[in-house]
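The values are calculated or read from the model by the stated rules, or taken from the named source; none is laboratory data. Just so we're clear, the structure is a prediction, and the values are computed from it rather than from any experiment. A quick note on method: Cβ atoms are made from the backbone with ideal geometry, for glycine too, and the neighbour counts reach across all protein chains shown. For accessibility, only protein heavy atoms count, side chains too; no ligands or nucleic acids. Shrake-Rupley method; radii C 1.70, N 1.55, O 1.52, S 1.80 Å.
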Amino acid sequence: MKRTSLLFAATMMAAASYAQQPQGDPKATEVYSPVPKVVTPGNSTADAPSDAVVLFDGKNLDQWESVNKPGSPAGWKVADGVMTVDKTTGNIQTKKSFTDYQLHIEWKIPENITGSGQARGNSGVFLASTGPGDDGYEIQVLDCYNNSTYVNGQTGSIYKQSIPLANACKKPGEWQVYDIIWTAPRFNSDGTLKSAAYVTVIHNGVLLQNHTELKGKTVYIGTPQYKAHGPAPIKLQAHGDKSEPISFRNIWVREL
Ligand code: MG
């Protein structure tokens, strides 16, 4: 192509792109309210942000109670900034009830863990539990580092409902993190479901559940169903298997 032709082509292209510029006022699509509130983040993801309700800061179980004996102290052990499951005293739950929230919780499978399948470091985070016998909606905690089980029961599954998108388990003995975003179900006044629950689960920075819709409450046998409830505690599982008890630390929640 001759130089004059190249110049002509370039001029025509410039004219064409000018003609394609959108017309109108860009400010028409700029939104200025409501202004998102300022929240000071922690120095690391381990530190609770400024508006969090701290559920466990390593000192005591003041924010928790026994599930089997509501109003009685949670019987798990606290030492060295860590709480450890006591299988003899059963599940524990928050004294406070919640609806929608963002939850941060760290957990550790003991380095000397034994067992296999579901009997290897089994615990769980029950996102809304209304008392003894109600497992609410369980995000499974389990050692799935070189340990296989049914995939809708592995680490980060919505137990028996939703397979996680990945296996992000660290080795036993290393601390692991769940960041969970929970949208509670809503119910009509006659008890029927108005809107389903949704959950997002990030495990060690890896997305496992992406705004997953829940089919109902967790059940061990049968199919999940919804049963009307309001704000509810967060419950942690003392599973009855024989493997060594797991530990938790640094638990906080931001109500949404
Ligand atoms: Mg469990």
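Among the residues of the stretch 199-207, not a single one is at pLDDT 95 or above, out of contact with any helix residue (DSSP H, G or I) (no Cβ under 6 Å at 6 or more places or on another chain) and of a type in the set (G, A, S).
Do we have G121 as open to solvent by less than 20 Å² (accessible area, probe 1.4 Å), assigned to a loop (DSSP other than H, G, I, E, B) and within 13 Å of the ligand (Cβ to nearest atom) here? I'd like the intermediate steps shown before the answer.
Numbers: open to solvent by less than 20 Å² (accessible area, probe 1.4 Å): yes; assigned to a loop (DSSP other than H, G, I, E, B): yes; within 13 Å of the ligand (Cβ to nearest atom): yes.
Criteria met by G121.
Scanning the stretch 234-256 for residues that are open to solvent by 20 Å² or more (accessible area, probe 1.4 Å) and more than 16 Å from the ligand (Cβ to nearest atom) returns R249, N250, R254, E255, L256. Looking at E106, E111, just one residue is touching a Lys or Arg at 6+ places or on another chain (Cβ under 6 Å), more than 16 Å from the ligand (Cβ to nearest atom) and more than 18 Å from K160 (Cα to Cα), and that residue is E106.
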